[in-house]
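K.L.:
One structure is given below, represented as structure tokens, and several questions about it will come after.
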Amino acid sequence: MRHLLMVESWVGAMSSLLPRAVREAGARFTFLTRDLHHYLRSTATHPHPLLAADNVLTAETNDLDALLPHVERLHGVLGFDGVITSCDYYLETVARIAHHLGLPGSDPEAVRRAYRKDLTRQALPDLSPRFALGTAAEVLAHDLAYPVVVKPVDLCAGMFVRRADDPEQLKEAIAAIEGFPVNARGQAREPLVLLEEFLTGPEFSVETVSHGGTTHVIGVTDKSTAGSPWFVESGHMFPADLAEGTAADLARTAVAAVDRLGLTLGVAHTEVKLTPGGPRLVEVNPRPAGNQITELVRRTTGIDLPMVHARLALGEEPDLRRVPTGAASAAIAFLLPERAGVVGSITADLDRPEVVDWATKPAGHEVGPATSNNNYLGHVMVVDRAHGARARAEELLAGVSVAYR
């Protein structure tokens with residue numbers, strides 16, 4: 001049986017979807033982490049799916065120089081056929097391990113260019129918005145017109161990404177980024193700030209698979225956001241309800257970005273804004289989409305992107321054939337907190353035939369403000385035989401009520 005080394009993981013949906021996909025692909029996996037309690041804490045009431053691995057091992061995954069020889073010794077004993085992760089903070093680590101062991105994967109430098117927002121901008125200026133990059137002092141002297149978008153270069157889930165309409169808001173946004181010098185996995189952050197022109201227009205993501213010298217477009221996902229000046233994702237629908245030509249324009253931009261960055265093997269989730277001047281690149285994520293977008297894809301096309309991710313890591317041919325599922329669209333809507341506080345109760349009436357998945361946080365859950373994708377209170381996922389899944393998901397979510405203690 002083929003054997004994958006899984007280095008760290010998110011603790012959200014993909015931490016269940018990816019282990020399931022590995023097993024259903026007929027493979028097994030060893031899980032390697034620096035902090036086992038990170039995963040134990042995330043599911044206090046039942047064993048985490050990641051801990052069903054054949055082997056659960058601990059090592060300092062943040063120290064690449066020590067990790068490479070350690071994994072090489074493990075490889076000599078356990079025999080890995082591929083290396084994989086779902087966590088953005090370890091994408092480059094996994095690429096470098098695969099390269100070191102001679103296993104399938106994209107060029108580590110290509111993965112680094114894609115994961116780091118500053119390197120993506122520098123590599124693809126013609127696809128990107130106008131931007132300024134540097135230390136806090138350097139970007140404060142920018143010549144971009146307000147409003148601007150302020151971003152850290154190496155965080156995800158929309159953390160510390162916000163709109164600034166004047167110099168005071170810009171200083172406030174930069175101070176918040178500088179106050180977070182170490183990410184949630186104990187890694188020191190890059191002391192750089194990315195400033196971008198504010199792009200008007202709706203945002204989409206393009207889901208692609210690269211292998212065999214070709215980047216295949218699986219489809220375009222729409223995105224709704226809430227919480228200005230933040231850019232919190234409040235929902236998605238796949239496929240986006242777009243004219244064929246518009247979807248093709250978005251797809252061409254995403255494929256150009258993936259190919260020019262040098263991502264030759266893997267699943268990618270590329271975010272693009274449709275501005276009055278045409279598509280502009282937001283970011284490239286060299287891994288399957290989060291926020292259960294892969295489930296929306298699977299429920300409408302039958303294509304299982306977590307399984308494709310696993311098969312590509314094993315060096316196998318992925319199955320990209322579409323099959324009838326009975327659903328023309330699938331959507332997910334997220335329950336955002338109105339404010340920070342402790343949940344007293346959440347009341348939901350979601351037992352409907354079109355609802356295929358829903359969840360809410362329990363009483364006693366402490367939530368922060370809705371400034372990133374990390375503070376959802378719940379979600380509802382809906383399928384539809386036409387293109388009405390998004391509207392129906394939003395309608396059902398509007399009927400959910402939250403009481404705070």
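The values are calculated or read from the model by the stated rules, or taken from the named source; none is laboratory data. From a predicted model like this one, the values you see are computed outputs, not experimental measurements. We place every Cβ from the backbone using ideal geometry, glycine too, and count neighbours over all the protein chains shown. Protein only, heavy atoms only, side chains kept; ligands, DNA and RNA dropped before computing areas. Shrake-Rupley method; radii C 1.70, N 1.55, O 1.52, S 1.80 Å.
K.L.:
In region 330-347, what residues are surrounded by 18 or more Cβ atoms within 10 Å (Cβ to Cβ) and small (Gly, Ala, Ser)?
P.N.:
Scanning region 330-347 gives Ala330, Ala331, Ala333.
K.L.:
With respect to Leu155, is the statement that it is surrounded by 18 or more Cβ atoms within 10 Å (Cβ to Cβ) and assigned to a strand (DSSP E or B) true? Before you say what the answer is, go through the steps one by one.
P.N.:
Values: surrounded by 18 or more Cβ atoms within 10 Å (Cβ to Cβ): yes; assigned to a strand (DSSP E or B): no.
No, not satisfied.
K.L.:
Something else: Of all residues in region 124-147 being aliphatic (A, V, I, L, M) and under 21 Å from the mean Cα position of the chain (by Cα), which is most open to solvent (accessible area, probe 1.4 Å)? Reasoning before the result, please.
P.N.:
The initial filter retains those residues of region 124-147 that are aliphatic (A, V, I, L, M), namely 124, 127, 132-133, 136-137, 139-141, 144-145.
Within this subset, residues satisfying the condition of being under 21 Å from the mean Cα position of the chain (by Cα) are 124, 127.
Details: Leu124: 1, Leu127: 27 Å².
That would be Leu127.
K.L.:
Further question: How many residues, within region 219-258, are of a type in the set (A, V, I, L, M, F, W, C), open to solvent by less than 10 Å² (accessible area, probe 1.4 Å) and either part of a strand (DSSP E or B) or out of contact with any strand residue (DSSP E or B) (no Cβ under 7 Å at 6 or more places or on another chain) (or both)?
P.N.:
Step one: filter region 219-258 for residues of a type in the set (A, V, I, L, M, F, W, C), giving 220, 226, 230-232, 237-238, 240, 242-243, 247-248, 250-251, 254-258.
From what is left, the residues that are open to solvent by less than 10 Å² (accessible area, probe 1.4 Å) are 232, 237-238, 250, 254, 257-258.
Next, from what is left, pick out any that are either part of a strand (DSSP E or B) or out of contact with any strand residue (DSSP E or B) (no Cβ under 7 Å at 6 or more places or on another chain) (or both): 232, 237-238.
The qualifying residues number 3.
K.L.:
Only one of these is crowded, with 21+ Cβ neighbours inside 10 Å and either under 18 Å from the mean Cα position of the chain (by Cα) or hydrophobic (A, V, I, L, M, F, W, C) (or both): Leu305, Leu320. Name it.
P.N.:
Values: Leu320 fails: crowded, with 21+ Cβ neighbours inside 10 Å.
Step by step, each of Leu305, Leu320 is checked, and only Leu305 is crowded, with 21+ Cβ neighbours inside 10 Å and either under 18 Å from the mean Cα position of the chain (by Cα) or hydrophobic (A, V, I, L, M, F, W, C) (or both).
K.L.:
Within region 163-186, is even one residue among the small types (Gly, Ala, Ser), touching a Phe, Trp or Tyr at 6+ places or on another chain (Cβ under 9 Å) and part of a strand (DSSP E or B)?
P.N.:
Checking region 163-186: at least one residue is among the small types (Gly, Ala, Ser), touching a Phe, Trp or Tyr at 6+ places or on another chain (Cβ under 9 Å) and part of a strand (DSSP E or B).
K.L.:
Sticking with this structure for a sec: Of the residues Ala268, Ala310, Ala330, which is more than 21 Å from Glu24 (Cβ to Cβ) and modelled with pLDDT of 95 or more?
P.N.:
Numbers: Ala310 fails: more than 21 Å from Glu24 (Cβ to Cβ); Ala330 fails: more than 21 Å from Glu24 (Cβ to Cβ).
Going through Ala268, Ala310, Ala330 in turn, the sole match is Ala268.
K.L.:
Please enumerate the residues belonging to region 259-268 that are touching a residue at least 60 places away in the same chain (Cβ under 8 Å) and either open to solvent by less than 10 Å² (accessible area, probe 1.4 Å) or assigned to a helix (DSSP H, G or I) (or both).
P.N.:
Taking region 259-268 and keeping what is touching a residue at least 60 places away in the same chain (Cβ under 8 Å), we get 260-268.
Arg260, Leu261, Val267, Ala268, listed by residue number.
K.L.:
Here is a further query. With region 269-358 as the region, which strands (runs of 3 or more DSSP E) entirely inside it contain at least 1 residues that are within 25 Å of Ser228 (Cβ to Cβ) and in contact with a helix residue (DSSP H, G or I) (Cβ under 8 Å, 6 or more places away or on another chain)?
P.N.:
Details: elements: 278-285, 329-335, 341-347.
The strands (runs of 3 or more DSSP E) meeting that bar are 278-285, 329-335.
K.L.:
Given (1) under 18 Å from the mean Cα position of the chain (by Cα); (2) open to solvent by 50 Å² or more (accessible area, probe 1.4 Å), identify the lone condition not met by Glu168.
P.N.:
Every listed condition holds for Glu168 apart from (1).
K.L.:
Another question, if that's okay. Residue pairs, Cβ under 6 Å, 6 or more apart or interchain, first in region 5-32 and in contact (Cβ under 8 Å) with a residue 12 or more places away in the chain and more than 23 Å from His99 (Cβ to Cβ), second part of a helix (DSSP H, G or I) and open to solvent by 10 Å² or more (accessible area, probe 1.4 Å). List them.
P.N.:
Cβ pairs passing all conditions: Val11/Ser42; Ser16/Pro49; Pro19/Pro49; Ala21/Met307.
K.L.:
Select from region 387-405 the residues that are open to solvent by 50 Å² or more (accessible area, probe 1.4 Å) and either within 23 Å of Ala289 (Cβ to Cβ) or assigned to a loop (DSSP other than H, G, I, E, B) (or both) and list them in ascending order.
P.N.:
Correct list: His387, Arg390, Ala391, Arg392, Glu394, Gly399, Arg405.
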